[in-house]
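The values are calculated or read from the model by the stated rules, or taken from the named source; none is laboratory data. Owing to the predicted nature of the structure, the values given are computational and were not obtained by experimental measurement. Heads up, the Cβs are rebuilt from the backbone with ideal geometry, glycines too, and the neighbour counts pull from every protein chain shown.
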Amino acid sequence: MAKILLRKKAVQERVGLCISEIYRLMKLRRFPQSIPLGERVVAWDADEIEEFIRSRIAAREERAA
């Protein structure tokens, strides 16, 4: 099955974070790393973004328990 790659705007809309926060979390290794597609173009693996979202939901549920 082919991987789906999401460009910056789609990632921002999906996770609800501004790009500076995404890059800050990437630097801390707390957000999926981008995939270079060209000299000034990057994308993210859609499965990794979904896993990031699931992990945030799981963390919220753990705090509530």
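Observations, loosely collected:
- Counted residues, the stretch 42-65 - those being within 19 Å of Ile4 (Cα to Cα) and not in a strand (DSSP E or B): 9
- Among the residues of the stretch 1-41, the ones that are of a type outside the set (Lys, Arg), over 11 Å from the mean Cα position of the chain (by Cα) and assigned to a helix (DSSP H, G or I) come to 1 in all.
- Residue that is nearest to Ile57 (Cα to Cα), among those in the stretch 1-35 that are out of contact with any Ser or Thr (no Cβ under 9 Å at 6 or more places or on another chain) and in contact (Cβ under 8 Å) with a residue 24 or more places away in the chain: Val15
- Tabulated pairs, the stretch 43-65, first in contact (Cβ under 8 Å) with a residue 40 or more places away in the chain, second among the β-branched types (Val, Ile, Thr) and outside any helix (DSSP H, G or I), C-beta under 9 angstrom, 6+ apart or interchain: Asp45/Ile4; Asp45/Ile35; Ala46/Ile4; Asp47/Ile4
- Of the set (1) farther than 21 Å from Arg7 by Cα; (2) modelled with pLDDT of 95 or more, all apply to Leu25 but (1).
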